[in-house]
1. Please compute the Cα-Cα pair-distance distribution of the chain with 20 Å bins starting at 0, giving whole percents from short to long.
2. In a shell of Cβ-Cβ distance under 13 Å around Pro477, excluding Pro477 itself, what net charge do Lys and Arg (+1) and Asp and Glu (-1) give?
3. Using 7 Å Cα-to-Cβ label points, what is the Ser120/Val512 separation (nm, one decimal)?
4. Counting only protein heavy atoms and a 1.4 Å probe, tell me what percentage of region 343-453's accessible area is made up of carbon and sulfur.
5. Rounded to the nearest Å, what's the spacing between the alpha carbon centres of region 233-310 and region 86-137? Just the number, please.
6. From the mean inverse distance of alpha carbon pairs (Kirkwood) and the Cα radius of gyration, derive Rg over Rh for region 438-533.
7. Which value in nm describes the separation of the simple spin-label points at Lys504 and Ala347, placed 7 Å from the Cα toward the beta carbon?
8. Distance from the Cα centre of region 454-525 to that of region 353-393, in angstrom?
Amino acid sequence: MLGQMMDAPLLISELLRHAERYHGDTEIVSRTVEGPIHRYAYRDAARRARQLAQALTRLDVDRNSTVATLAWNGHRHYELYYAISGLGAVCHTVNPRLFADQIRYIVNHGEASVLCFDLSFLPLLEQLAPLLPAVRHFVLLSDRAHLPPDTSLPELLCYEELLAAEDDDYVWPRLDEQTASSLCYTSGTTGAPKGVLYSHRSTVLHALSSSLPDAFGVSADSAILPVVPMFHVNAWGFPYSATLNGAKLVLPGPKLDAASLYELIAGEEVTVAAGVPTVWLALLQHCAQHGLPLNTLEQVIVGGSAVPEAMIEQFARHGAEVRQLWGMTELSPVGTTSSPKFKHRHADDATRRRLQLTQGRPIFGVALRLVDAAGQELPQDGVAFGRLQVQSGWALSRYFRRDDCASHSDDGWFDTGDVATIDADGYMKITDRTKDVIKSGGEWISSIELENILIGHPAVAEAAAIGVAHPKWDERPLMVVVLKPGASASREELLAFYQGKVAKWWTPDDVVIVDELPHTATGKLQKMALRERFSTYRWPEGA
Ligand code: AMP
């Protein structure tokens, strides 16, 4: 027997329709590329998104189209999110931090017919335009006054002019909720970037589940600052979850330096901020240097790479709770968040800290399992570690137009490429990427754990652990370290720092100090480049 309830498809346009109706005067504040702070409310955003949908339709964008964006976190990018997906086309957010040739590949692979971009990316697009044959219109996300007087870009249109020519009578179509809504490419370090094609249904479900109290805890009483870019996994879904809840949205534009972020947090009374650890390290340093408080901040969502313990403590002194998030492009991205349970209420500080240092437990709608190299399931006892696999209504079923990628097990689990433990309460801890794990004497050593320990040393700014070939043990761990400005520490001192913190055989065999470490476009350590650089490294006598 079927239920007898109304059929309401889960559509992205419904999020904005709800915010317009019930949170019409709640603000969206953006730092613009042109300079000034722009403010308006959900009501205005909804009206402009309808005008934009109409303008895009006039540019022949329809349900078979893809529209690409190269833009920072700002109100116009927000409008594009809703207008493009709302009319039934695919919003393809492109990461401008990638190499020009990767951008060329990604835009061509997505087959966008319209490309909308912020002024910052004009020179890049002037260079790339001849190599993007499918793009018929380039739209500058600004007004006429900022249109360049002469540019080699063909058919350059002005966003504000396109909108001004339209009324807001557009009616959002009732799409099938499985319709594709947006497209995002992974910034993997090997091979061609791979696309993940989200749907309306997956996006709305992800927005619902990720805004639960144990996840992002977003509400109409929050002011949210997503520092994580809208060109990287849809800014962790905040443009959707903030809208669903009617939260005030604060968008930092191109200025991601600590002073600019501080100004927004303090000035806009931000309660929830989200971003990768490096952003927060800089902000905390800035606050310490200038004696600045973070009075309004209640929660900092940190993900993308492991959260250092010192960061949790420093935010706690400001009265803000760090919540770690684990996720990935293939998972929309949220999989787990590190919130405590009722039974931890009376736990001591050390226990609660240990929970925050895990990547967290699955939010509703996400299932995790661990398997060994042969694909056999491993116990979730907090000790056994193996390949982390996931199933979810917002995990990909396959990569976009790439049938050559074997990413799923025969029984339908996506292999994340992470290596982890999961304890009996569901708290997951990443110990490595499959390809970064250090294999010593047939056993695995967690490179992340070795890095986290050394980051706790007062002289160390950044540390990378890599496996280097060893005649007896297959591989042994080598630490490559950047010291803090003006700090000094000897190799012996740094190696001694591991005493009592790890099993003896996990202790690295050597430390090399360098000026800087290589990073990917999304701020992750580029271990492959490091391994190449140290491929001719020779272990010291006796190691
Ligand atoms: P991306 O698709 O670029 O967002 O990268 C996803 C990968 O980032 C994951 O598979 C993890 O390896 C890593 N990652 C994400 N969040 C965390 C976290 N909290 N701690 C450690 N690694 C993380």
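1. In whole percents, the pair-distance histogram is 21, 54, 23, 2.
2. For residues surrounding Pro477, the net value is -4.
3. Going by the 7 Å Cα→Cβ label model, 3.3 nm.
4. After summing per-atom areas, the C and S share lands at 48 percent.
5. 28 Å
6. Looking at region 438-533, the ratio lands at 0.95.
7. My value for the distance between the label points is 3.2 nm.
8. Each part reduced to its Cα centre gives a spacing of 27 Å.
The values are calculated or read from the model by the stated rules, or taken from the named source; none is laboratory data. All values derive from a computational prediction rather than experimental measurement. Note that each Cβ is placed from the backbone with ideal geometry, even for glycine, and that neighbours are counted across all protein chains shown. Remember, those area values only see protein heavy atoms, side chains included, never the ligands or the DNA or RNA. Shrake-Rupley method; radii C 1.70, N 1.55, O 1.52, S 1.80 Å.
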